Amino acid sequence: MVIAANQPYFCPFPGFFYKAWLADVLVILDEVQFPQGTTWVSRNRFKNDQGPLWLTIPVWKKGLGLQKINRLEICYEGRWPRKHLESLQSAYRHAPYLEDHLPLAEEMFTGKFARLIDLNLTVIRYFFDFLQLPTRLVLLSELAVPGRGSRLLLEICRVLGASTFLVQSQAQKYLDPKLFQEEGIELLSYKYIPPVYPQLWGDFLPNLSTFDLVCNCGLKARDLLRRRQPAISEF
């Protein structure tokens, strides 16, 4: 069984789903610490006539100290939900498949989600269904495993009975391969090359939110995600 893991990004880029497609199980690291500073967990890039369009989901942090991702509550002060929705509608008004995915955008910014994790998982599951990914999603909080860093990932593999742990090539430096070797778990790495596809507003920008991909390409996004990539290799 091939296991991969990732933090629950907000409206993730296609590489998130490519990793999922390569694995049998994708573990969502919802119970790790929310990163300090900028993070893909609460923001992502879209595209408008000015170039990259950053949308951030504000969360309550002041006076709360370090928080786990699955404890973060969304801050609904101000008019940002309406502004975000209007920004997406304006940015993608000429996209051929916007109408198919506009209900998702509307759901993201209705204010119905108290916690950031609930919003992010709704979006992730939506794209899993649309892209027809057979991968099983598992939450770290469902596994009740201890540890941090490499030891946490190793415990995830143990609990799920993994034979292989998959990681993007850039993340190899954060793992201790000896820990996995001692447990007989194979480590594999892959390199992700962003697909190039028809895009609105000038020059192509890679690694935007998957919302950009599906609004511009519709069902063809499935084939683009699965297109031939560099070979997976051992560490």
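Brief remarks on what is shown
- Least to most buried among Met108, Met1 (fewest other Cβ within 10 Å first): Met1, Met108
- Comparing Gln132, Gln199, Gln89 in a Gaussian network model of the chain where C-alpha atoms under 10 Å apart are linked, the largest mean-square fluctuation is found at Gln132.
- Taking the DSSP beta bridges with both ends in region 2-234, the antiparallel portion is around 40 percent.
- For Glu155, Glu234, Glu186, order by how many other beta-carbon atoms lie within 10 Å, fewest first: Glu234, Glu186, Glu155
- Kirkwood Rh, angstrom, region 120-233 [1 / mean 1/r, Cα pairs]: 16.6 Å
- Whole-Hz ³J(HN,Hα) from phi, Karplus 6.51 cos²θ - 1.76 cosθ + 1.60, for region 194-210, glycine and proline x: x, x, 9, 8, x, 9, 6, 6, x, 4, 5, 10, x, 6, 6, 3, 4
- Inter-part distance where region 160-235 and region 36-81 are each reduced to a Cα centre, Å: 24 Å
- Taking other residues whose beta carbon is less than 11 angstrom from the beta carbon of Asn6, and scoring Lys, Arg as +1 and Asp, Glu as -1, yields 0.
- Taking the fewest neighbouring Cβ atoms within 10 Å as the starting point, the ordered list for Val2, Val25, Val196 is Val196, Val2, Val25.
- Net charge of neighbours whose Cβ lies under 15 Å from the Cβ of Gln170, counting Lys and Arg as +1 and Asp and Glu as -1: +3
- Taking trypsin sites (Lys or Arg not before Pro) across region 98-133, the ones in a DSSP loop with at most 14 further Cβ atoms lying within 10 angstrom of their Cβ are Lys112.
- Amide H to amide H, with H built 1.01 Å from N, Asn48 comes under 5 Å of Leu53, counting only residues 5 or more places away or on other chains.
- Helix-only CD estimate at 222 nm, as mean residue ellipticity for the chain, using -39500 (n - 2.57) per DSSP H run (n ≥ 4): -10000 deg cm²/dmol
Rule-based calculations on the coordinates, nothing more; no lab input. Just so it is clear, the structure is predicted and the values come from calculations on it, not from any experiment. Cβ coordinates were reconstructed from backbone atoms using ideal geometry, including for glycine residues, and neighbour counts include every protein chain displayed.
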